[in-house]
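A.B. asks: Just dropping this structure here.
The values are calculated or read from the model by the stated rules, or taken from the named source; none is laboratory data. On a predicted model such as this, the values are computed, not experimentally measured, just so you know. Quick reminder, even Gly has a Cβ in these numbers, built from the backbone with ideal geometry, and neighbours come from all protein chains shown. Side chains are part of the model used for accessible areas, which takes the heavy atoms of the whole protein and leaves out ligands, DNA and RNA. Shrake-Rupley method; radii C 1.70, N 1.55, O 1.52, S 1.80 Å.
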Amino acid sequence: MENRPQFNFKPTESAAVVPGVPAVGTRRRTVQSDTLNAVAFFGDLAMIVAGLLFGFWLRFKSGLIPFKESWWTTGGSFQDRLLADYLGIIAVGALLLLFTFGQLRLYRTRNLLRFRRVAAIVVRGSILWLLAYLSLSLVLKFNPPISRIYALSSGVGAVAAVLGWRALYHRILQSDWLAPSLRQRVLFIGWNDEAARLAAAIHADTSHPYDIVGSVPSLAGEYARAPGGEIRCLGEMEKLAEVLREHAVDMVILADLGGQADDIVALTNLCDRALVQFKVIPSYFQILVSGLQLETISAVPILGVAELPLDRLSNRVLKRTVDLIGAVVGLVGSLPIMAVIGGLILLESPGPILFQQERVGRGGRRFRMLKLRSMRLDADKQD
C-alpha cells in the first residue's frame with residue numbers, strides 16, 4: 001500500500017485557534033454585516049408601514065375607489081373611516097408581514113447582496129401575508145373589520161415600497177467600502193475541475209456573497225493540482241490553522257477528496273474549533289447529489305439517495321387511483337373499437353374473441369392477462 005503523509009493540523013503558538021473565538025477580521029465583519037442587516041430590517045418595517053398607510057389613504061381618503069355595494073367590496077359603511085380606527089390593524093399587518101419575511105429567511109446576511117432573491121422573497125411573502133391577513137381578520141373579528149380593497153391596495157403599496165427601498169439599498173451595499181463586509185471569505189483545499197467552475201461562477205456573478213482568498217494544496221499530496229490564475233496558494237496544509245487566522249477565512253471548501261479519512265476528520269475538527277464553515281464539492285456523485293439524504297442505520301450515519309417516490313404510501317395510493325381511473329376511462333372509450341375488432345375476429349376465425357394467458361408481474365406475482373385474439377384458436381398449443 002502507498003505510504004501517504006498524515007496531516008496534523010496543529011496551530012502554531014502565534015496563530016493558536018481558540019475554540020469558539022473567530023479571527024479578529026471575522027468578528028469585525030460580523031458586526032458590520034449584522035449592522036447592515038439591522039438597517040435592512042428597520043428599513044423594511046418603515047416601508048411596510050408606509051405601504052399600509054398608503055393603502056388606507058387610497059381606499060378611504062383619496063376618492064379614487066368608489067364606495068359601492070358589490071361582491072368584492074364591503075359597501076359604503078367604510079366611507080367615514082378614521083385612521084385611528086385602523087392603527088391597530090396596521091400594526092398587526094406590519095408585524096405579520098415582517099414575521100412572514102423572517103420565516104422565508106429574508107434577513108439572512110447572504111441575501112443582502114442578492115436583490116433578485118430578495119425581490120422573490122418579498123413578492124412571495126406578500127402573497128402569503130395577504131391570505132393570512134384576511135384569514136386572521138375573520139378569526140379575530142377586528143373592529144372595525146378589514147376592508148378587502150384596503151388589504152389588497154396596502155399589500156401592493158407595501159411590496160412597491162419595500163422593493164424600491166431594497167433596490168436603493170442594494171446599490172449602496174455594492175459599494176467597495178460595504179460589500180467586503182458582507183462577503184464570506186472562501187479558502188479552497190485542493191483543486192479540480194469542479195473547483196475551477198465554482199470559482200469562475202463566483203467571479204462572474206457580482207451578487208455572490210463570497211470572496212475567494214486563495215487555496216492550499218490538496219490532501220491528495222503528490223497528486224495536488226495548482227489553481228493558477230488569480231487564486232493564490234497561501235501555504236501548506238501543516239500551516240492551515242495559521243492561514244485561517246491570518247486571512248480571516250469564513251468558509252473552507254474541500255475540492256479534492258483524495259485524502260485519507262483521518263485527514264478529512266482532522267480538517268473538519270479544525271474548522272469546527274475555528275468557527276469556520278466546512279463544505280465539500282461532491283466531485284464523485286454530481287448526478288446523485290440532488291437526491292442525497294443523510295440517514296442512519298443502527299445509529300450509524302450514512303449518505304445515500306433519498307427514498308423512491310413509490311416508497312411513500314400517499315404516492316402509491318395516488319398512482320393506484322390514477323391507474324384505475326385511467327383503465328376505466330380507457331376501456332369505456334375503446335369499447336366501440338373493440339366491438340368492431342371483435343366482430344372481425346369472429347368472421348375470420350370463429351371462437352373466443354379474447355385470449356387468456358398467465359403472466360408474471362411485479363414481485364413475482366402471477367396474474368391473468370386478457371387481450372383480443374390475434375392468432376388462430378389454440379395456436380399457442382400447436383408445435
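A.B. asks: Those residues that are without any contact (Cβ under 8 Å) to a residue 12 or more places away in the chain and over 44 Å from the mean Cα position of the chain (by Cα), I need them from segment 333-349; list them, please.
C.D. replies: Residues satisfying the conditions are Ser334, Leu335, Pro336, Ile337, Ala339, Val340, Gly343, Leu344, Leu346, Leu347, Glu348.
A.B. asks: Checking the conditions here, which among Val328, Val317, Val305 is over 30 Å from Glu236 (Cβ atoms), open to solvent by 60 Å² or more (accessible area, probe 1.4 Å) and at pLDDT below 85?
C.D. replies: Exactly one of Val328, Val317, Val305 is over 30 Å from Glu236 (Cβ atoms), open to solvent by 60 Å² or more (accessible area, probe 1.4 Å) and at pLDDT below 85, namely Val305.
A.B. asks: Shifting gears a bit: May I ask you to verify whether Glu242 is over 31 Å from the mean Cα position of the chain (by Cα), modelled with pLDDT under 75 and over 16 Å from Asp193 (Cα atoms)?
C.D. replies: no
A.B. asks: Could you list, in sequence order, the residues of segment 154-203 that are more than 26 Å from Thr30 (Cα to Cα) and touching a Leu at 6+ places or on another chain (Cβ under 8 Å)?
C.D. replies: Ser154, Gly155, Gly157, Ala158, Gly190 - these are the residues of segment 154-203 that are more than 26 Å from Thr30 (Cα to Cα) and touching a Leu at 6+ places or on another chain (Cβ under 8 Å).
A.B. asks: Go over the candidates Val162, Val156, Val139, Val186 one by one and state the one that is part of a helix (DSSP H, G or I) and in contact with an Asp or Glu (Cβ under 8 Å, 6 or more places away or on another chain).
C.D. replies: Val162
A.B. asks: Something else about it: Does Arg81 satisfy the criteria of being open to solvent by less than 70 Å² (accessible area, probe 1.4 Å), modelled with pLDDT under 80, touching a helix residue (DSSP H, G or I) at 6+ places or on another chain (Cβ under 9 Å) and not acidic (Asp, Glu)?
C.D. replies: For Arg81, the condition - open to solvent by less than 70 Å² (accessible area, probe 1.4 Å), modelled with pLDDT under 80, touching a helix residue (DSSP H, G or I) at 6+ places or on another chain (Cβ under 9 Å) and not acidic (Asp, Glu) - is met.
A.B. asks: I'd like to verify a number: residues in segment 150-196 that are among the aliphatic types (A, V, I, L, M) and open to solvent by less than 20 Å² (accessible area, probe 1.4 Å), how many?
C.D. replies: Result for segment 150-196: 10.
A.B. asks: Still on this model: What is the residue count in segment 341-354 for residues that are open to solvent by 90 Å² or more (accessible area, probe 1.4 Å) and not acidic (Asp, Glu)?
C.D. replies: Residues flagged as open to solvent by 90 Å² or more (accessible area, probe 1.4 Å) and not acidic (Asp, Glu) within segment 341-354 amount to 3.
A.B. asks: Follow-up. Within segment 109-125, is there a residue that is at pLDDT 85 or above, open to solvent by 20 Å² or more (accessible area, probe 1.4 Å) and closer than 14 Å to Ile48 by Cα?
C.D. replies: yes
A.B. asks: Follow-up. Could you grab me the full set of residues in segment 21-72 that are open to solvent by 30 Å² or more (accessible area, probe 1.4 Å), aliphatic (A, V, I, L, M) and either out of contact with any helix residue (DSSP H, G or I) (no Cβ under 9 Å at 6 or more places or on another chain) or modelled with pLDDT of 80 or more (or both)?
C.D. replies: Within segment 21-72, Ala38, Val39, Leu45, Ala46, Met47, Val49, Ala50, Leu53, Leu58 meet the criteria.
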